[in-house]
1. Got at least one residue in segment 5-22 being touching a strand residue (DSSP E or B) at 6+ places or on another chain (Cβ under 9 Å), part of a helix (DSSP H, G or I), surrounded by 11 or more Cβ atoms within 10 Å (Cβ to Cβ) and modelled with pLDDT of 90 or more?
2. Right, VAL30: among the β-branched types (Val, Ile, Thr), over 9 Å from the mean Cα position of the chain (by Cα) and outside any loop (DSSP other than H, G, I, E, B) or not?
3. Could you please give the count of residues in segment 23-57 that are at pLDDT 95 or above, among the aliphatic types (A, V, I, L, M) and under 18 Å from MET1 (Cβ atoms)?
4. Restricting the first residue to segment 38-51 and requiring it to be more than 16 Å from THR65 (Cβ to Cβ), which pairs with a second residue that is at pLDDT 90 or above and not in a loop (DSSP other than H, G, I, E, B) meet a Cβ separation below 7 Å and a spacing of at least six or different chains?
Amino acid sequence: MGNSMAANFIKKGHSLIVYDIQSGAAKNLVEMGAKVASSPAEVAAQVNTLVTMLPASPHFTGVYTGPKGIFE
């Protein structure tokens, strides 16, 4: 679901910096013009608006506070 939503942002003219734990998951977004970051923290350091699309609460918590979280 997140990939499709991100693709829609790009189609509407927004620039995206994306991160996924599965390295090839954003390949289509890169082909559409997105940039790939090496961690959630790297994404957060480069953007004014952050949108997360995660499957469950533990994933959300991990992104914001985990070892590669945006507040590292």
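The values are calculated or read from the model by the stated rules, or taken from the named source; none is laboratory data. As the structure is a prediction and not an experimental result, all values here were calculated from the model. Cβ placement follows ideal geometry from the backbone for every residue including glycine, while neighbour counts extend to all protein chains displayed.
1. Yes: segment 5-22 contains one or more residues that are touching a strand residue (DSSP E or B) at 6+ places or on another chain (Cβ under 9 Å), part of a helix (DSSP H, G or I), surrounded by 11 or more Cβ atoms within 10 Å (Cβ to Cβ) and modelled with pLDDT of 90 or more.
2. The answer is yes for VAL30.
3. Adding up the residues that qualify gives 3.
4. Final answer for the pair search is GLN46/ILE17; VAL47/ILE17.
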